[in-house]
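The values are calculated or read from the model by the stated rules, or taken from the named source; none is laboratory data. Note that the coordinates shown come from a computational prediction; the quantities given were computed from them, not determined experimentally. Counting neighbours? That spans all protein chains shown, and the Cβs are built from the backbone with ideal geometry, glycine included.
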């Protein structure tokens, strides 16, 4: 039996449904190693010999690229590259603070990364695959106590009405920008750029956060979509930052939740795949075949059924039904009940996805997940916050 292609990443994309489908479509086995976000970044940077493909978020690319842990990807070997290049996220630098995906895509002659291709078949740092816009979810209890005409706001994460009943992601790259938007929305401080906090802004922000942590406002944190489902199902939380698979997973369990379209805008993220610098020969050929497989229709359909978008939506015409496309991408009311990737019904007929169609939702990204210039200091303060 052929040696497996080793892929490391998070549960956001390394699902068993995808692994089985890849194994069925390709003539070599695929081995997924699912890690939390920070562990995956650390492995990606420090141990390129331990994996073939790194599947994670664009905002981690700078770390791997600077460390020399990944090799450039030749777009001449990517079958549907012209479709990726024309996609909404990568047609230009886009809007929003933070690490905008296009900004770190193309390899330049001096080995820096930028949004500018240097040829018709440029080298890239990471192959863009799935993306989404994230916010928070809240329970019927919060909805019932919501004031008349009160806009959905990131400030709810700090609201004393939900003291002790708010949950956050453990990933500082995601939570820091969400909390920066929350603190600004609550009128506690002004932030020039929530994707690039200064040391002074970080200290001021954590001054507010530490006081709330010590008072018991923040007491629940989750590390994965599965973890957030367990937490929201058992802990009495009424509001939590949340990823789409967890939201639809809970809907599939019959739980009533509302996924917010915050008035301040979304936190956006884009993921993709890098090739380890240690990969060569036959294993490099396997890696390219796996990357190309990801841009065919089936992976994109599996991603769509948990709420994610794909960088080549044109390939979905053969793998999503018209009704699925209309709900997941089109922003239209579901014409029928819709399943997730396991077949469980997660969308009821008549329901509409919050925030509109995928272009509307993307246009409302305020900040992209990012590794800030002061990331090390931010992480140090984040650990202090968790331990307070």
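Of the residues 279, 263, the single one that is more than 28 Å from residue 367 (Cβ to Cβ), modelled with pLDDT of 95 or more and part of a loop (DSSP other than H, G, I, E, B) is 279. Scanning segment 124-135 for residues that are part of a strand (DSSP E or B) and more than 19 Å from residue 304 (Cα to Cα) yields a total of 1.
For every residue, the table says whether it meets (1) under 22 Å from the mean Cα position of the chain (by Cα); (2) in the same structural domain as residue 382 (by TED's automatic domain parsing); (3) surrounded by 16 or more Cβ atoms within 10 Å (Cβ to Cβ).
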site	(1), (2), (3)
95	yes, no, no
108	no, no, no
117	no, no, yes
127	yes, no, yes
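Among residues belonging to segment 87-123 that are touching a helix residue (DSSP H, G or I) at 6+ places or on another chain (Cβ under 6 Å) and outside any loop (DSSP other than H, G, I, E, B), point out the one that is nearest to residue 310 (Cα to Cα). Looking at the filtered set, the residue picked out is 101. Tell me yes or no: at least one residue of segment 66-79 is more than 18 Å from residue 278 (Cα to Cα) and either in a loop (DSSP other than H, G, I, E, B) or within 17 Å of the chain's Cα centre (by Cα) (or both). Taking every residue of segment 66-79 in turn, at least one turns out to be more than 18 Å from residue 278 (Cα to Cα) and either in a loop (DSSP other than H, G, I, E, B) or within 17 Å of the chain's Cα centre (by Cα) (or both). Only one entry in 63, 142 is in the same structural domain as residue 313 (by TED's automatic domain parsing) and surrounded by fewer than 22 Cβ atoms within 10 Å (Cβ to Cβ), namely 63. Counted as qualifying within segment 293-367 are the helices (runs of 4 or more DSSP H) with 2 or more residues that are in the same structural domain as residue 23 (by TED's automatic domain parsing), over 19 Å from residue 134 (Cβ atoms) and in contact with a helix residue (DSSP H, G or I) (Cβ under 9 Å, 6 or more places away or on another chain), namely 297-304.
Filtered by the rule that a residue be closer than 16 Å to residue 358 by Cα and surrounded by fewer than 19 Cβ atoms within 10 Å (Cβ to Cβ), segment 268-316 gives a lone residue, 314.
Within segment 11-34, the set of residues being assigned to a loop (DSSP other than H, G, I, E, B), closer than 22 Å to residue 343 by Cα and at pLDDT below 90 comprises 11, 12, 13, 15.
Scanning segment 176-213 for residues that are part of a helix (DSSP H, G or I) and touching a residue at least 12 places away in the same chain (Cβ under 8 Å) yields a total of 22.
Please specify each residue of segment 341-350 satisfying the condition of being surrounded by 13 or more Cβ atoms within 10 Å (Cβ to Cβ) and farther than 23 Å from residue 360 by Cβ. Within segment 341-350, 341, 342, 344, 345 qualify. Residue count for segment 141-157 satisfying the condition of being out of contact with any strand residue (DSSP E or B) (no Cβ under 8 Å at 6 or more places or on another chain) and in a helix (DSSP H, G or I): 4. Scanning segment 214-232 for residues that are surrounded by fewer than 20 Cβ atoms within 10 Å (Cβ to Cβ), at pLDDT 90 or above and part of a strand (DSSP E or B) returns 220, 221.
In the set (1) farther than 27 Å from residue 311 by Cα; (2) touching a residue at least 60 places away in the same chain (Cβ under 8 Å); (3) touching a strand residue (DSSP E or B) at 6+ places or on another chain (Cβ under 9 Å), the condition left unmet by residue 220 is number (2).
Every residue in segment 362-378 that is under 17 Å from the mean Cα position of the chain (by Cα) and within 16 Å of residue 181 (Cβ to Cβ), please. Scanning segment 362-378 gives 364, 365, 366, 367, 368, 369, 370, 372.
Within segment 22-53, restricting attention to residues that are in contact (Cβ under 8 Å) with a residue 60 or more places away in the chain and surrounded by fewer than 19 Cβ atoms within 10 Å (Cβ to Cβ), the residue that is nearest to residue 172 (Cα to Cα) is 38. Examine segment 200-211 for a residue that is more than 16 Å from residue 382 (Cβ to Cβ) and either touching a strand residue (DSSP E or B) at 6+ places or on another chain (Cβ under 6 Å) or assigned by TED's automatic domain parsing to the domain that holds residue 383 (or both), and state whether such a residue exists. Yes: segment 200-211 contains one or more residues that are more than 16 Å from residue 382 (Cβ to Cβ) and either touching a strand residue (DSSP E or B) at 6+ places or on another chain (Cβ under 6 Å) or assigned by TED's automatic domain parsing to the domain that holds residue 383 (or both).
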